[in-house]
Amino acid sequence: MAEMTSPRTNTHHIVWDWNGTLLDDNHANLAAVNAVCARFGREPVGMEYWRSVFRRPLVPCYEELLGRAFAEGEWEYAEKLYDNSYLEHLPSCELASGVPDVLHEWAGAGGTQSLLSMASHDHLVPLVSGRGLNAHFTRVDGRRFDTEHDSKAEHLVHHLENQGLDPSRVVLIGDIDDDARAAREAGARAVLVTSGLMARERLEATGAPVVDSPVAAVDAVRRLG
């Protein structure tokens, strides 16, 4: 009888998102959102509400939240408010459940992985290195340039090209619908986790597999084949 072996996955590279995916920072994000609300005269919001409305592009999202358009210079002011509040809460943010073990396991099985975030590059890099994760990734990229649609899509294209990766053998693991959009536009696939800033039903509407944790996401990557 011929020996039976498990089918090998066609995916060899995972691109991880950071906020809400590898880093459990929802409470810091919500506190930062409510710091903006307080300065602009809006009542604070709860996590369930924010996960139902959060989206990219960010400017119209926040204008909807605040109930009015930004005047000149107000968006930049809101961004600074958000960043300052987020940084105050950042020390209390832990890695998501199963991290970094799941990174070890994927690499141990012969896969490669990198990190791409829409957080600014200069902000992201010391956070990742400070948690001792750099060695897991072939490349770490934050947001290095602005795009017309405030999407991760163009950033993902550059991220893959700079590593010489075949997009058809890449899966992006993220926590919002823009991650699925970015993967689709770059020619890759996506798996989405419910641990971040977007409600499950909104993630499921993308058609991408939706799971509850990074560990479950890697299992889903293996099932994609």
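Can you list which of the trypsin sites (Lys or Arg not before Pro) found in region 52-106 are DSSP loop residues with at most 14 other C-beta atoms within 10 Å? The partial results should precede the final answer.
Details: sites: ARG55, ARG68, LYS80; in loops: ARG55, ARG68.
Answer by residue number: ARG68.
Taking square-rooted eigenvalues a ≥ b ≥ c of the alpha carbon gyration tensor, is region 75-225 rounded, prolate or oblate, where a/c under 1.5 means rounded and, failing that, a/b exceeding b/c means prolate? Let's see the in-between values first.
Values: a/c = 1.34, a/b = 1.23, b/c = 1.09.
It comes out rounded by the Cα gyration axes.
For region 1-135, which whole percent of the accessible surface, found with a 1.4 angstrom probe, sits on carbon and sulfur atoms?
Details: 3700 of 7130 Å².
Here it works out to 52 percent.
Taking only C-alpha pairs under 8 Å that are 6+ residues apart, what is the relative contact order of region 114-161 in percent?
Normalised by residue count, the contact order of region 114-161 is 46 percent.
Would you work out the relative contact order for the chain, in percent, from Cα pairs under 8 angstrom that are 6 or more residues apart?
On the way: 357 pairs, mean separation 64.0, N = 225.
The normalised contact order for the chain reaches 28 percent.
Which peptide among 18-27, 35-44 comes first, and what is the full order, when sorted by highest mean count of other Cβ atoms within 10 Å? Don't jump to the answer; show the numbers that get you there.
Values: 18-27: 21.7, 35-44: 14.5.
Highest-to-lowest ranking by the protection proxy: 18-27, 35-44.
List every residue whose amide H lies under 5 Å from the amide H of ASP141, counting only residues 5 or more places away in sequence or on a different chain, with H placed 1.01 Å from N in the peptide plane.
Amide H neighbours of ASP141: LEU115, LEU116, SER117.
Ordered by packing density, taken as the mean number of other Cβ atoms within 10 Å over each peptide's residues, highest first, how do 203-210, 171-178, 94-101, 145-152 rank?
Numbers: 203-210: 18.6, 171-178: 26.0, 94-101: 15.8, 145-152: 13.5.
Ranked from most to least packed, the peptides come out as 171-178, 203-210, 94-101, 145-152.
Taking amide H positions as placed in the peptide plane 1.01 Å from N, state which residues far from LEU95 in sequence (5 or more) or on other chains have amide H under 5 Å from it.
Residues meeting the amide H criterion: ASP24.
Please compute the modelled spin-label separation between ALA107 and HIS12, points set 7 Å along Cα→Cβ, answer in nm with one decimal.
Placing both labels 7 Å beyond Cα along the Cβ direction yields 1.8 nm.
Magnitude of the Cβ-charge dipole of the chain, K/R +1 and D/E -1, about the Cα centre, nearest 20 debye? Don't skip to the answer; put the middle values down first.
Working: 21 positive and 34 negative charges, 95 e Å.
With Lys and Arg at +1 and Asp and Glu at -1, about 460 debye.
Residue by residue through region 51-57, what is 3J(HN,Hα) from phi via Karplus (6.51 cos²θ - 1.76 cosθ + 1.60, θ = phi - 60°)? Round to whole Hz and write x for glycine and proline.
5, 8, 10, 4, 6, 10, x
Kindly provide the Kirkwood hydrodynamic radius of region 97-136 in Å, to one decimal, from all pairs of distinct alpha carbon atoms. Present the calculation step by step, with values, prior to reporting the outcome.
Values: mean 1/r = 0.0900 Å⁻¹.
So the Kirkwood estimate lands at 11.1 Å.
Can you give the FRET efficiency for ALA135 and GLU161, using 1/(1 + (r/R0)^6), R0 = 25 Å, r = Cβ-Cβ distance, to the nearest 0.05? Numbers along the way, then the final one.
On the way: r = 23 Å, r/R0 = 0.92.
Step by step, r from the Cβ atoms, then E = 0.60.
Taking one equal scatterer on every alpha-carbon of region 93-177, how large is log10 of I(q)/I(0) by Debye at q = 0.18, 0.19, 0.20 1/Å?
-0.88, -0.98, -1.08
Amide H neighbours of THR21 under 5 Å, at least 5 residues apart or on other chains, H built in the peptide plane: list them.
Result for THR21 returns nothing.
Nearest-5 percent of antiparallel DSSP beta bridges in the chain?
Details: 2 of 20 bridges.
Roughly 10 percent of the beta bridges in the chain run antiparallel, per DSSP.
Any idea of the accessible area per residue across region 11-169, 1.4 Å probe, to the nearest Å²?
Numbers: 7680 Å² over 159 residues.
That works out to 48 Å² for each residue.
If a/c stays under 1.5 just call it rounded; otherwise compare a/b with b/c (prolate if a/b is bigger, oblate if not). Do that for region 140-225, with a ≥ b ≥ c from the square roots of the Cα gyration tensor eigenvalues.
Details: a/c = 1.91, a/b = 1.29, b/c = 1.48.
It comes out oblate by the Cα gyration axes.
The values are calculated or read from the model by the stated rules, or taken from the named source; none is laboratory data. Owing to the predicted nature of the structure, the values given are computational and were not obtained by experimental measurement. Here Cβ is always computed from backbone atoms with ideal geometry, including for glycine, and neighbour counts include all displayed protein chains. We work out accessible area using only protein heavy atoms, side chains counted, and drop any ligands, DNA or RNA first. Shrake-Rupley method; radii C 1.70, N 1.55, O 1.52, S 1.80 Å.
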